[in-house]
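Worksheet: one structure, shown below.
The values are calculated or read from the model by the stated rules, or taken from the named source; none is laboratory data. From a predicted model like this one, the values you see are computed outputs, not experimental measurements. Cβ: placed from backbone, ideal geometry, glycine included. Neighbour counts: every protein chain shown. Surface areas here come from the heavy atoms of the whole protein model, side chains and all, with no ligands, DNA or RNA. Shrake-Rupley method; radii C 1.70, N 1.55, O 1.52, S 1.80 Å.
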Amino acid sequence: KRGTDWWKSSVVYQVYPSSFNDSDGDGVGDLPGVIERLDYLELLGVDVVWLSPVYPSPWDDNGYDISDYLDIHPMFGTLADWDRLRDGLHERGMRLMMDLVVNHTSDEHPWFIESRASKDSDKRDFYFWRPGRGGGPPNNWGSVFSGPAWTYDEATGEYYLHLFTRRQPDLNWENPRVRAAVHDVARWWLDRGADGFRMDVINFVSKTPELPSGPLAATSGHGVFTDYAVNGPRLHEFLHELHQEVFAGRDVLTVGEMPRVGVEQALLHTMVERRELSMVFQFEHVNLDHGPGGKFDPRPLDLVRLKESLNRWQAGLGESGWNSLYWNNHDQPRAVSRFGDEAHRVESAKALATTLHMMKGTPYVYQGEELGMTNAHMADIADYRDVETLNHHRAMVETGRVNEGTAMAAVARMSRDNARTPVQWDASPGAGFTTGTPWIGINPNHTQINAEAAVADPDSVFHYYRRLIALRKEHPVIVHGRFEPLLEEDPAVYAYTRTLDGRVLLVTANWSSDTVPLELDPSVARRDPVRLIGNYPDEGAFAPLRPWEARVHLGS
Ligand code: TEU
């Protein structure tokens, strides 16, 4: 459906290519491997595939450090393979969204190589170069991945800024030539047939020009850059310019990844008349279980706080903005382990999916989430690959701030590698992912949890996702209905309604392993509610909810 807001009734599936499917036995997933699984994705019923970076990269941050925006990393294949993937998706009526990582490049990108070569380089102000201050960095900012956010470069005696690793220098978007270069990259992929972009930490691209030091972080000893390098003064201007220069007149889906964005800003970013983005990824709900020390200082999740947050986003963007909806991605632990309960794995995976997919917004399914894949539970730091995990583990243990056991428990619970173990296609030794040695360990539970078993089992998490996704196409109330929360203070039940043209969708889910009463007046579902989907035998809309029971009823 060209020209309409097709992305409002779409479901997006995220492929993290190095862990998705390896076609040539080198232990790393690749583009031909994705093409091999297009029938599986079509069966699931997803509409868009978001492909995490597949560009040439030295792989310091698993491809989020790009050295050539206009090619394919040889380990993934070639541009001809990309064209075949694009055609394979389009033939199936599906779309392909690329990952645009333009807050920073790799330090091996030609732009940075030229920039660092000399102070008079033509590309010098493509990046943030500053003299030191008092024998140290220009300000006190710390990197997201631990350590300082500045690295001294001997060759020209100045420091350069990197909010992530030192091999991910930040691009200077104050420079109109940088913005024009980014526009050219985006246009190139759209002209080649891409259908949109997920835009990496795109709310980091406007910084306060003076780059002032920030308040000290709780544990790192470095300053926090959030006040000066996130949601900065020219962000709306830069995004509107990008829209007008590249997206205007095209039928594209754009989603801006925005750590620390609030509802008010997200509304401004997603109101269609402001011509910025289709939607954003916000992070409030995936930061609720972070302690003062951040993600590796985890705390138990409180459902009432989760409901308050997500319900506020539903209310805030519901009428004139648009929400993305996600529990998982390649940066987050697996939802069934983090928000659900592995002791009730299948029921809780279905309950989490029901809670999310019936909300107002565009749902995102992360590879393996539709199988109820769990965290990896790797107990040895040598099994981890993620630079964020390894850096923070080192920072915790080397400083003695945290004992080894506590550090490993935090890593096992929160590491991004939990989402990056290979997709479990079958019960064979290589899980149907590879015939070689995988770049990261395969979860031993692939013998039970795998796509082959799931597709064959009508009661699997997979077929439940397939039916949830199909409901979105069948019932306009799911896409357009007004969201209204219920039982906000209930510690175990997530409940809400969606209302459109006299029809009411009642969604209830028990986020606990106890059977709990459902204290709702039957009038909330109008008359004769009919169950559309549920993960237990149907005992009616208002019967007590069994452990991790979820239900969707439609009344009118
Ligand atoms: O992530 C942004 C980001 O800050 C995440 O790293 C996440 O918030 C962090 O893991 C929380 O501890 C994007 C990409 O999704 C991520 O994979 C990259 O590592 C990062 O940017 C740098 O490109």
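Worth pointing out:
- Sequentially through the stretch 479-496, phi angles give Karplus couplings (6.51, -1.76, 1.60; θ = phi - 60°) of 7, 10, x, 6, 8, 9, x, 10, 6, 4, 8, 5, x, 10, 10, 9, 9, 7 Hz, Gly and Pro residues having no value and appearing as x.
- With distances taken between every two different alpha-carbon atoms, the stretch 1-115 has a Kirkwood hydrodynamic radius of 15.0 Å.
- Backbone HN-Hα couplings from phi across the stretch 533-548 [Karplus 6.51/-1.76/1.60, Hz, Gly and Pro as x]: 7, x, 10, 9, x, 6, 10, x, 6, 10, 5, x, 8, 6, x, 6
- Using only side-chain charges placed at the Cβ, +1 for Lys and Arg and -1 for Asp and Glu, the dipole size of the stretch 270-349 relative to its Cα centre rounds to 80 debye.
- Annotation note: GluC sites (Glu not before Pro) in the stretch 111-219 located in DSSP loop regions with a Cβ neighbour count of at most 13 within 10 Å are Glu210.
- Applying D = kT/(6 pi eta Rh) to the chain, where Rh is the Kirkwood radius over alpha-carbon pairs, T corresponds to 10 °C and eta to 1.306 mPa s, the Stokes-Einstein value obtained is 65 µm²/s.
- Accessible area of the chain belonging to carbon and sulfur atoms, whole % at 1.4 Å probe: 51 percent
- The separation of the stretch 1-68 from the stretch 385-453, counted between C-alpha centres, amounts to 20 Å.
- Net charge contributed by nearby residues that have their C-beta within less than 13 Å of Glu158 (K/R +1, D/E -1): +1
- Reachable lysines, given that their alpha-carbon falls under 30 Å from the alpha-carbon of Lys119 and they are not under 8 places away in the same chain: Lys207
- On a per residue basis, the chain carries 36 Å² of accessible surface, using protein heavy atoms and a 1.4 Å probe.
- Across Lys307/Lys473; Lys295/Lys350; Lys8/Lys350; Lys360/Lys473, pairs whose alpha-carbon gap is larger than 18 Å: Lys307/Lys473; Lys295/Lys350; Lys8/Lys350
- Annotation for Ala248 and His236: the two label points, set 7 Å from Cα along the Cα-Cβ direction, are 1.7 nm apart.
- The stretch 120-235, dipole about Cα centre (Lys/Arg Cβ +1, Asp/Glu Cβ -1), debye to the nearest 20: 160 debye
- Among the GluC sites (Glu not before Pro) found in the stretch 449-515, those both in a DSSP coil and sparsely packed, with 13 or fewer other Cβ atoms within 10 Å of their Cβ, are Glu488, Glu489.
- In whole percents, the pair-distance distribution calculated for the stretch 80-201 from its alpha-carbon pairs, binned every 5 Å from zero, is 2, 11, 17, 19, 15, 12, 9, 7, 4, 2, 1, 0, 0.
- Per-residue [θ]222 nm for the chain (sum of -39500 (n - 2.57) over DSSP H runs n ≥ 4, rounded to 500): -8000 deg cm²/dmol
- Relative to one another, the C-alpha centroids of the stretch 235-272 and the stretch 69-129 are positioned 20 Å apart.
- Distant-in-sequence amide H partners of Asn328 (H built 1.01 Å from N, under 5 Å): Tyr366
- Placing +1 on each Lys and Arg Cβ and -1 on each Asp and Glu Cβ, with no other charges, gives the chain a dipole about its Cα centre of roughly 1100 debye.
- Distance from the stretch 477-556 to the stretch 296-360 (C-alpha centre basis), Å: 16 Å
- Positive-end extreme of charge dipole, the stretch 324-443 - chosen from Leu390, Thr362, Met373 (charges on Cβ): Thr362
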